[in-house]
Amino acid sequence: MICEMCGSDVPRTKLVMVEGAAVSSCPKCEKFASSGAVKTKEGKVMLPSVADRLGNRERRMRHKDVLTRGEKELVDDYPQRVRKGRQKTGMSQDDLAKSLNEKKSIIVKVENGDIRPTDKLVTRLERALDITLKEYLEIDDGDGPKQQSSKGMTLGDFIKTK
């Protein structure tokens, strides 16, 4: 292989960026490179920072289907799960608060259901108490049987009977 910078014949070259141009260089000439080059799926050569930005943009613009399982959600009975998990480990609320580096009042409010814990606190609680607080929620597709409300007779019902 031939180095595109010095013209010497070398066993291997590396694709690098020099002044915005992608060139194949030998190990001796690599020191003149501003950065390494990245080849994309399409075969284009570009700076790593540009490739990163384009990759991030592609991930952001990707269509997300709301009906597929995406993120886990906090379960409705999280206060009971936290309390049972704490009691199962034999810890007091004060001990749990100290182990999580939180205030005791936060633990009390979580167990009473007065506040929803942050994602960071949920992760720490799950790890400390060996419980699960986040699960995939079931999506109701609306195909189930519909319940009729029994509110008594309405004005419309009265008109229909006449």
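Values in this text are rule-based calculations from the coordinates and carry no lab data. Bear in mind that the values here come from a model prediction, so they are computed numbers and not experimental data. Because the Cβ atoms are built from the backbone with ideal geometry, glycine has one as well, and the counts that use them run over all protein chains shown.
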Given 106, 117, 80, which one lies farthest toward the positive end of the charge dipole of segment 73-135, if we put +1 on the Cβ of every Lys and Arg and -1 on the Cβ of every Asp and Glu? 106
Within a Cβ distance under 11 Å of residue 109, other residues only, what is the Lys/Arg minus Asp/Glu net charge? 0
Give, rounded to the nearest 20 debye, the magnitude of the charge dipole that segment 73-135 has about its Cα centre when Lys and Arg contribute +1 at Cβ and Asp and Glu contribute -1 at Cβ. 240 debye
For segment 73-135, what does the alpha-carbon gyration tensor say about shape, rounded, prolate or oblate, given a ≥ b ≥ c as the root eigenvalues, a/c under 1.5 as rounded, and a/b over b/c as prolate? rounded
